[in-house]
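**Q** Structure incoming, see below.
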Amino acid sequence: MSNATFRYSYASSQCAPTLDQERDAVLRLQAGDRQAASLLYRWFAEPLYRSVLLPRVQENELASDLLSETFVRAIARIHSFRWSNVSFFFWLRRIAVHLAIDTHRQRSRHEMVDVDDVDIVSGLSTDLGVDFVPSRTRIETTLGGLSERYAQALRLRLLEDESREECARRFGISVGAFDVLLHRASKAFRAASEREQFAIS
């Protein structure tokens, strides 16, 4: 399926699906039903474009191109995905953020692009091949062990997908200062996740 199939259009968006609907569509796609890809696109294109890609690349056409590539890569890797009762959106989001980061690196820009937020949802790895994504309950449990400031920074930026500018405004600090805060919060989250994983094992 070509990239052109996945050009972003606001008209393609619709109400969020239930987890059961998501699971059914993913299983259909893994079984070879290409129509399921179009269904997933209609569900997740708008939030990926509006909340993940456009705030990072700041260009409509580029965000649209990266959205197309996100779905192309997701379909190519769909058999590595394992359902874990968490929205498929988070798996797509990881791919999209990696693409945005790669784009910034290719342009040799020296701005901070939230590298840490690629793996905070998983808490343990940046590898796109990793299929495990923790439940919201586990994420909130880990956040509960962090300082209130760190936890709020992560919730706003990563779980609620607020822009860096909006996060900085809420904290009453500059965007650069918020980037530093998020970086430190990300490290604290990873360390807490690893401690929890060690305790479980």
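**Q** In the stretch 48-63, which residues are buried (at least 20 other Cβ atoms within 10 Å of the Cβ) and of a type in the set (S, T, N, Q)?
**A** Of everything in the stretch 48-63, nothing turns out to be buried (at least 20 other Cβ atoms within 10 Å of the Cβ) and of a type in the set (S, T, N, Q).
**Q** I'm checking my understanding of the structure. Among residues of the stretch 158-175 that are outside any helix (DSSP H, G or I) and within 13 Å of Arg56 (Cα to Cα), which one is modelled with the lowest pLDDT?
**A** Asp161
**Q** Sticking with this structure for a sec: Check the stretch 67-87 and report whether any residue there is part of a helix (DSSP H, G or I), closer than 19 Å to Arg164 by Cα and either small (Gly, Ala, Ser) or not assigned by TED's automatic domain parsing to the domain that holds Gln30 (or both).
**A** No, the stretch 67-87 contains no residue that is part of a helix (DSSP H, G or I), closer than 19 Å to Arg164 by Cα and either small (Gly, Ala, Ser) or not assigned by TED's automatic domain parsing to the domain that holds Gln30 (or both).
**Q** Another one. I need every pair where a residue in the stretch 96-110 that is closer than 12 Å to Leu54 by Cα has its Cβ under 6 Å from the Cβ of a residue that is of a type outside the set (Lys, Arg) and modelled with pLDDT under 70, sequence separation at least 6 or different chains.
**A** Close Cβ pairs satisfying both conditions: Val97/Val118.
**Q** OK, next. For the stretch 1-41, what are the residues that are at pLDDT 75 or above and assigned to a loop (DSSP other than H, G, I, E, B)?
**A** Selection gives Ala16, Pro17, Thr18, Ala31, Gly32, Asp33, Arg34.
The values are calculated or read from the model by the stated rules, or taken from the named source; none is laboratory data. Everything quoted here is computed from the prediction, not taken from an experiment. Cβ: placed from backbone, ideal geometry, glycine included. Neighbour counts: every protein chain shown.
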